[in-house]
Each structure stands twice: as C-alpha cells, then as structure tokens.
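Q: Starting off with a structure, shown below.
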Amino acid sequence: RKQKGGVIFVKHMAKFDVVFDFYAHRSDNGVIHKHILLIRDPLAVLFSWKRSGSVHGNAPSLEEVGILPMLNIFSKVQHGNTNVVVLDSDRLVADPEMVLKQLCDDVNIDFRKEMLTWKPGPHACDGPWAKWWYASVHASTGWELRKQSQTKEQHDDDSWMTSTKKYPTLDPALLPTLRASLPAYEALYRQSCTSNVNRNSNVLAY
C-alpha cells in the first residue's frame, strides 16, 4: 500500500518464496508491504489435488502443498517486524463478510459489499491455472455456504469430502506429506485473524 493512497494486490505461490528477499522489501519507495498468508487445511489441499492430477501430477510435494513455505515466510516476516496477516480459507467461506471486514481492518483498507459477489465466468485476473482450479468459482456469483446434507454427486469438486465424511481416506503415499504439513498448519492457524477453534481434532487419515 502506498502511503499517499492506492492499493496494489499481488498474488504469489508460497513455493516461490525462495526467490523473494523478505528482508529487503519491508518498506521501500514509499510502499508499505502487508503480507497476507491464505492457509488451507493440508488434508483438504491433498484431496483437491486429485482433481487436477492430470496436469499437476498426483504426488504433490511439501512445497506444492505450501504450508511449510508459508510458515517460513511467516517466520521471516515476523522477524523483520513487518505486517503479516494469516487468513484461514475455511473461516473465510464460513463467514465471508465477517472475515473480510476483519481482513480489511488488518490491512487498513475499506470494506465494500462488492467483495461478497462477482460476475460468473472467467476473469482477467484468474491466471494460467484457472482451467484446472476455478470451475466452481466460474459457476458462482458469490460466497456460497455448503450444506452438510449435500452428497458427493451434488458437488463438482472435492468439498463433499470435508463436509460429509468425518474420517476421509487418503492415498498412503501422501501420508508423509500430510504429517509434515499438519504441525505447520496448526501453528499458522493459531496466528490467523479469526482463530477460535481447534482444527483437526477428529482427523483420522488412513
């Protein structure tokens, strides 16, 4: 954010943190940097990966899941006393208006009702991976809460897994990635701007 007004939002993938010098970009050229880390339960991330396995491969690494790189980013940013906000995706979907208002307050920008809705279809800001990841977003016009009663057949993505099954199954080959990611996720979740529940207390992945 520029001190004299104007906001620039730049989206990056966590696994590319190695190419960014977080110590050299704390505040330069009149620009105030505010880092927002969008986290998601690694169990849900790994299930989502199945849907795009044809292009991404079915063996995501720790770096691709992104939780460990984000913890590394958080550590570097906090060490430099730079502003950082941790945002949990499940909390955002559960109560978008409340969470977005909190986020806007944290980054010192005005909340607008327009943030809650959008036009259906592709958008210029989607990026090159929209074809594989954004089908549900393109079919929507705003934040939609998922009902617990929905079944797998009623979803066009993997969200049925987290909403209806208490103990989902996971490819055993991915268990090392899950186990390595969960502690980092829990650590970041405790730092999130809306943290108030104990995540994964009932998770049993096999």
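The values are calculated or read from the model by the stated rules, or taken from the named source; none is laboratory data. Because the structure is a prediction, the values reported are computed rather than measured. Glycine also receives a Cβ, built like all others from the backbone with ideal geometry; neighbour counts cover every protein chain displayed. For the accessible areas, the whole protein counts, side chains as well, though only heavy atoms, and no ligand, DNA or RNA atoms are used. Shrake-Rupley method; radii C 1.70, N 1.55, O 1.52, S 1.80 Å.
Q: Looking only at residues that are among the polar types (S, T, N, Q) and modelled with pLDDT under 85 in the range 52-72, which one is least open to solvent (accessible area, probe 1.4 Å)?
A: SER52
Q: Yes or no: SER75 among the polar types (S, T, N, Q) and open to solvent by less than 60 Å² (accessible area, probe 1.4 Å)?
A: On the way: among the polar types (S, T, N, Q): yes; open to solvent by less than 60 Å² (accessible area, probe 1.4 Å): no.
Taking the combined requirement at face value, the residue does not satisfy it.
Q: If a residue must be under 17 Å from the mean Cα position of the chain (by Cα) and of a type in the set (Gly, Ala, Ser), how many such residues does the range 105-134 contain?
A: 2
Q: Could you count how many residues in the range 128-145 are exposed (fewer than 12 other Cβ atoms within 10 Å of the Cβ) and touching a residue at least 60 places away in the same chain (Cβ under 8 Å)?
A: Matching residues across the range 128-145 total 0.
Q: To continue, here is another question. Do we find a residue being assigned to a helix (DSSP H, G or I) and either of a type in the set (S, T, N, Q) or open to solvent by less than 20 Å² (accessible area, probe 1.4 Å) (or both) anywhere in the range 78-91?
A: Of all residues in the range 78-91, those assigned to a helix (DSSP H, G or I) come to 78-79, 89-91.
Narrowing further to those that are either of a type in the set (S, T, N, Q) or open to solvent by less than 20 Å² (accessible area, probe 1.4 Å) (or both): 78, 89.
Yes, there is a match, as at least one residue in the range 78-91 is assigned to a helix (DSSP H, G or I) and either of a type in the set (S, T, N, Q) or open to solvent by less than 20 Å² (accessible area, probe 1.4 Å) (or both).
Q: Take the residues in the range 99-124 that are outside any helix (DSSP H, G or I) and in contact (Cβ under 8 Å) with a residue 40 or more places away in the chain, then tell me which one is surrounded by the most Cβ atoms within 10 Å (Cβ to Cβ). Can you show your working first?
A: We begin by selecting, within the range 99-124, every residue outside any helix (DSSP H, G or I); these are 108-112, 117-124.
If we keep only those that are in contact (Cβ under 8 Å) with a residue 40 or more places away in the chain as well, we get 108-109.
Values: ASN108: 11, ILE109: 13.
Going through the qualifying residues, I end up with ILE109.
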